[in-house]
1. Of all the helices (runs of 4 or more DSSP H) wholly in region B:31-80, which have at least 1 residues that are touching a residue at least 60 places away in the same chain (Cβ under 8 Å) and within 10 Å of chain A (Cβ to nearest Cβ)?
2. Could you please find all residues in region A:283-305 being open to solvent by 60 Å² or more (accessible area, probe 1.4 Å) and outside any helix (DSSP H, G or I)?
3. Just for region A:420-437: of the residues that are of a type in the set (A, V, I, L, M, F, W, C) and surrounded by 17 or more Cβ atoms within 10 Å (Cβ to Cβ), which one is nearest to the other protein chains (Cβ to nearest Cβ)?
4. Being without any contact (Cβ under 8 Å) to a residue 40 or more places away in the chain, under 40 Å from the mean Cα position of the chain (by Cα) and buried (at least 18 other Cβ atoms within 10 Å of the Cβ) narrows it down to one of A:33, A:54, so name that one.
5. State which residue pairs qualify: first residue on the phi > 0 side of the Ramachandran plot and inside region A:154-178, second residue part of a helix (DSSP H, G or I) and surrounded by 17 or more Cβ atoms within 10 Å (Cβ to Cβ) in any location, beta carbons under 7 Å apart, and separation of 6 or more residues or different chains.
6. Residue check, residue A:267 against (1) out of contact with any Lys or Arg (no Cβ under 8 Å at 6 or more places or on another chain); (2) over 17 Å from residue A:46 (Cβ atoms); (3) within 14 Å of another protein chain (Cβ to nearest Cβ), all met but one. Which one?
7. Looking at region A:271-294, which of its residues are at negative phi and modelled with pLDDT of 85 or more?
8. Any chance region A:260-273 includes a residue that's closer than 30 Å to residue A:22 by Cα and either in a loop (DSSP other than H, G, I, E, B) or open to solvent by 30 Å² or more (accessible area, probe 1.4 Å) (or both)?
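The values are calculated or read from the model by the stated rules, or taken from the named source; none is laboratory data. Source: prediction; values computed, not measured. Cβ placement follows ideal geometry from the backbone for every residue including glycine, while neighbour counts extend to all protein chains displayed. Side chains are part of the model used for accessible areas, which takes the heavy atoms of the whole protein and leaves out ligands, DNA and RNA. Shrake-Rupley method; radii C 1.70, N 1.55, O 1.52, S 1.80 Å.
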Amino acid sequence: MSRIKRLYNWFEMRLQLEGPVKDAALHPVPRNTASWWYVFGSAATTLLMLQIVTGILLGLVYVASGSEAWKTLDELNHQLYLGWFLRAMHGWGSNFMVAVVLVHMAQVFTFGAYKFPRELTWILGVFMLLMTLGMAFTGQVLRFDQDAYWGLGIGASIMSRVPVIGGALVDLLLGGPIIGGATLSRFFALHVFVIPGTLLLFTAVHIWMVLKLGINDWPMPGRVVRRNTYLQEYHELSHKDGVPFVPDALWKDLFFSAAILAAVAVCAFVFGPYGPGGQPDPTIIQTAPKPDFFFLWLYAVLSYLPPSLETPFVLIAPVIGICILLALPLVAGEGEKSWHRRPVAILVLVTVAVSWGIFTHLATFTPWSPIMDAWSGDPVPPKLIHDASPLVRQGAVVFQAKQCRNCHAVGGSGGMRGPALDTVAVRLTEDQLIRQVLQGGGNMPAYGKNLSPPEVTALVRFLETLKPDGQPPAIDATHQEQKAQNAAPQQ
Amino acid sequence: MNVRGFCGSILVLCGIASLGCNAPGKPTAGAEAVRPDEVKNFSKLYSQNCAGCHGADGQHGAALALANPVYQAIVDEGTLRNVIVNGEPGTLMPAFAQSAGGMLTDDQVNALVSGMRSRWYHADAVQGLDVPPFKTDKQGDAAHGQQVFTSHCASCHTTGVQQQNAKASSITDGSYLALISDQSLRAIIIAGRPDIGHPDWRSAQPGHPMSDQDVTDVVAWMASQRQKTPGQPYPSQP
């Protein structure tokens with residue numbers, strides 16, 4: 001017997017792992033579960049491992065203190081060999097992980113895999129999703145730049161709206177009433193110890209259950225799940241027409257995990273690390289903080305809600321959402337698994353996915369907030385003023401100086417709070433333009449008190465030139481009528 | 001799929017990454033957002049604060065072309081600094097210094113001034129030419145100014161309401177004159193606006209460059225055209 005074999009035996013005799021591992025590896029699974037649809041869970045696990053490894057490496061350098069955090073990230077980006085790549089891997093790994101977890105969840109939902117006997121697997125999974133999102137959020141805070149700072153501010157103000165205990169919750173979250181030194185330490189502890197520890201534990205139990213209960217069989221219309229017959233049916237399915245988990249199902253998992261890792265590496269290589277953006281200093285007001293990708297939808301939803309609905313929405317909707325997710329397998333633990341027979345479930349999934357996509361897209365640009373430096377930074381398109389009269393050109397200066405540009409785009413740049421004005425002269429007559437400028441309306445403030453008559457005149461002259469070549473300007477029909485009447489021979 | 005090829009390409013990628021050469025994602029030096037009040041880079045400062053009115057490269061903007069070499073030749077740094085710091089009260093040129101309610105520090109104002117000078121100032125722009133000074137204390141003579149207008153400007157500009165066939169349009173519109181300062185008019189007449197086709201003091205009437213007196217007088221005449229209540233939208237109805 002070779003030395004290695006002896007060593008192995010020495011350990012095996014004491015650990016006795018061979019049996020369970022072999023069992024787990026070779027347990028039969030239904031043939032059609034060895035499918036490309038079943039690879040997301042293992043990919044999520046792989047990404048979790050990647051995050052842990054890169055996270056530990058980052059932890060060697062990172063200093064969780066308000067004054068140092070930003071500097072250490074800067075050092076990673078520029079001074080440490082491949083430090084930037086490490087940050088990029090961790091950042092993109094996080095994005096991929098959230099995405100893969102969501103896809104995994106959608107797949108499990110579509111395939112009805114949460115039904116008996118896998119209810120608890122799903123419920124744990126819901127908590128794991130929450131923890132993954134928690135990791136993404138706390139990770140964004142550790143970056144401690146402007147986005148982190150304001151994101152935290154928003155988080156805290158959401159907390160503070162909880163009735164009665166709001167103040168205490170904020171204290172708990174921030175380590176005091178305001179974002180300070182204690183805040184970052186808290187989030188460091190959460191991000192590095194509390195959440196990952198729990199997440200790992202949950203992951204272990206989650207996987208244990210997958211092994212014990214078997215991989216969900218491919219849903220077939222008509223193969224209905226019933227509590228008293230399912231286990232028997234599944235056993236037959238996996239033993240009669242089954243394949244061993246290793247290697248028949250595993251190689252696809254491995255391949256997909258490798259591909260995902262490669263994708264993370266490519267993204268990290270090409271797009272680089274996230275930030276750090278501007279320094280987290282509340283006195284810097286020239287900033288438009290945005291949350292990271294996966295919270296963008298929330299940012300858009302909050303912006304569109306009327307203020308009176310914000311608090312109820314923010315406090316009640318997540319609770320309801322989570323309760324629904326948790327209750328799902330308990331309420332719908334039996335019945336059809338196939339998507340062909342679950343139209344409502346599929347419609348709900350599609351609706352959620354589409355609205356999520358739309359809100360995320362909306363939040364990538366911000367039509368509802370002005371661009372605060374467009375007035376001084378976005379040039380008036382030269383062709384608009386090249387052949388204009390001095391008065392019109394001066395009107396363009398008024399347009400900039402009074403910051404109309406912050407809300408109105410011209411030539412594709414400027415704010416989107418109000419309509420773009422490239423064709424405004426086609427829509428509004430001179431009188432209407434003057435009225436709109438002086439009195440405002442439709443969410444636009446009235447400028448009557450802030451503009452002198454020459455400014456209004458210049459501005460309106462400029463606006464009157466804003467129309468595409470060859471299109472007639474808007475005309476006032478009553479003026480035409482008047483003219484026609486005047487021209488008509490008097491009798 | 002060719003697994004070996006795939007793995008190979010990953011290896012190559014990692015190889016490139018570990019060399020760190022030209023990785024598109026590698027942050028360039030200074031890529032992190034600096035504090036807005038610590039930006040000292042001229043291009044950035046200019047494009048955030050001035051381009052909106054003065055044009056992307058100091059020309060083709062709605063307000064005066066700062067990149068015009070003749071303008072840069074007649075103006076001095078003190079004036080530039082003062083205008084940026086305090087704006088031009090009574091006009092649409094805002095004050096930018098923190099001391100005057102703006103957002104820029106003194107260092108940033110200096111960076112703007114020296115940036116403009118190093119980019120747009122050419123020592124030889126008006127060398128050997130008799131160019132009227134940027135500022136004057138002289139009193140203008142409006143009556144003579146009107147003659148100068150007729151001889152130097154009327155070939156292109158009209159007075160009063162805009163005419164269809166004129167090459168350029170009215171420069172005595174009440175609202176226009178109410179919004180622009182005499183000093184700015186003087187700068188435009190002397191330095192011209194090459195970007196929009198308005199000639200400088202030499203070529204308004206080719207062969208007859210304008211003298212200091214001519215410029216002062218035209219400005220005085222234009223100033224005399226200012227109205228008491230400019231910009232009433234319906235001038236005919238009091």
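1. B:42-49
2. Passing the criteria: A:283, A:285, A:286, A:288.
3. A:434
4. When all the criteria are applied, what remains is A:54.
5. Hits for this filter: A:175/A:183; A:175/A:186.
6. So the condition that residue A:267 fails would be (2).
7. A:271, A:273, A:274
8. yes
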